[in-house]
Amino acid sequence: MSAAPINPNKALWEKGDFTRIAETMRESGEALVQRIGITKGLKVLDLACGDGTTALPAAKLGADVVGVDIARNLVEAGNRRASESGLTNLRFHEGDATNLQEITDHEFDVVVSIFGAMFAPKPFEVAKEMVRVTRPAGQIVMGNWIPNDPTLVAQILKISSAYTPPPPEGFVSPMTWGVESNVIERFGAAGVPAENISCQRDTFVFTFDGTPAELVDRFRLYYGPTMNAFDAAGKNGHAAELQKDLEELFNHHNTSTQGTSIPATFLRVTVRA
Ligand SMILES: C[S@@+](CC[C@H](N)C(=O)[O-])C[C@H]1O[C@@H](n2cnc3c(N)ncnc32)[C@H](O)[C@@H]1O
């Protein structure tokens, strides 16, 4: 019997341990969930949820939350965190944002995907699935990093790409989700008129109890895209250069004198289904 083919999208996120990055994003996750109006009793899907940076606080507000993610290790971490928090209104399971076959139409009042579904391939399929599983007049909220934005994450991905071989032909960059016209086109193809879509800039802050260089180490050791960049740079003898570029970037954006605090701008997309 032949082994199942490797899904590179799944392999990328199972390679590292995103929990070690998500730990620096918890405060912003909590604040965001309050800002977008999650309340008791709402049925919420957190899509590409990681270990629950937004799913957990949404459940703590009393919503009935399902987290779906492609990475098995993060689903396990999410379920562990839910049980440690004593939450019975939150469960995580494995699934692919391009095909949410286990979810019936219109099941959720709110679908949230913060720096999540943007990383799935086939963006038109992803938009279609998000709309399909949201009830009519329900809400979809996406957080998407913005290409070429000068702040942290867009620059990490930009620097990393300079050390990585070009992607395969036909690859659609996740960063294209950070451009409003693409968002409108993708949700438009899923049947949502442009007037039901709004985009605004928002901020997430990475907070870390260590130096900016130590935070770079976390990305190098645990964040799939950065791990791949270091693998590629290492093969060409450029790993030290990549480390230096990232340390300069993190130091430049650090606003704290004790530890590390780095704000990063993203596009917050709100869609009325
Ligand atoms: C940058 S992490 C963000 C996780 C989480 N939303 C958070 O805010 O902490 C990106 C997440 O997207 C997930 N992901 C990537 N492609 C996916 C897909 N096709 N379907 C479901 N999840 C996916 C990854 O496994 C990872 O957990």
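The values are calculated or read from the model by the stated rules, or taken from the named source; none is laboratory data. Worth saying up front: this structure is predicted, and the values here are computed from it rather than measured. So basically every Cβ, Gly included, is an ideal-geometry build from the backbone, and we count neighbours across all protein chains shown. All accessible areas refer to the heavy atoms of the entire protein, side chains included, with ligands and DNA or RNA removed. Shrake-Rupley method; radii C 1.70, N 1.55, O 1.52, S 1.80 Å.
Some observations on this one:
- Accessible area per residue for the range 125-273 is 47 Å², calculated with a 1.4 Å probe on protein heavy atoms, without ligands, DNA or RNA.
- Size of charge dipole - the range 171-255 - debye, nearest 20, with Cβ of Lys, Arg +1 and Asp, Glu -1, no other charges: 200 debye
- Extent of the chain along its three principal axes (Cα atoms, max minus min coordinate, largest first): 52, 47, 43 Å.
- Rounded to the nearest 10 Å², the accessible area of Lys128 at probe 1.4 Å: 110 Å²
- Per-residue [θ]222 nm for the chain (sum of -39500 (n - 2.57) over DSSP H runs n ≥ 4, rounded to 500): -12000 deg cm²/dmol
- Set Lys128/Lys235; Lys43/Lys128; Lys122/Lys235; Lys158/Lys235; Lys60/Lys158 screened for pairs whose C-alpha atoms are more than 28 Å apart: Lys128/Lys235; Lys122/Lys235; Lys60/Lys158
- Degrees between helix 72-84 axis and first principal axis of the chain (Cα, 0 to 90, nearest 10): 70 degrees
- Solvent-accessible area, 1.4 Å probe, carbon plus sulfur percent, for the range 76-179: 54 percent
- Across every pair of non-identical alpha carbons in the range 210-257, the mean reciprocal distance, once inverted, gives a Kirkwood radius of 10.9 Å.
- Remark: the Cα gyration tensor places the range 35-149 in the rounded category, a/c being less than 1.5.
- The local environment of Thr265, defined by Cβ-Cβ distances under 9 Å, has a net charge of -1 under the rule Lys, Arg +1 and Asp, Glu -1.
- Gained length - Leu87 relative to Lys122, 0.36 nm times residue gap less alpha-carbon distance: 9.3 nm
- Taking all protein chains into account, the per residue accessible area for the range 1-96 stands at 48 Å² (1.4 Å probe).
- Probe 1.4 Å - accessible area at His93, Å² to nearest ten: 60 Å²
- Whole-percent carbon and sulfur share, accessible surface of the range 14-61, 1.4 Å: 49 percent
- Cβ-Cβ FRET estimate between Val205 and Arg272, R0 fixed at 22 Å, reported to 0.05: 0.20
- Assigned charges on the beta-carbon of Lys, Arg, Asp, Glu; the chain dipole about Cα centre (debye): 320 debye
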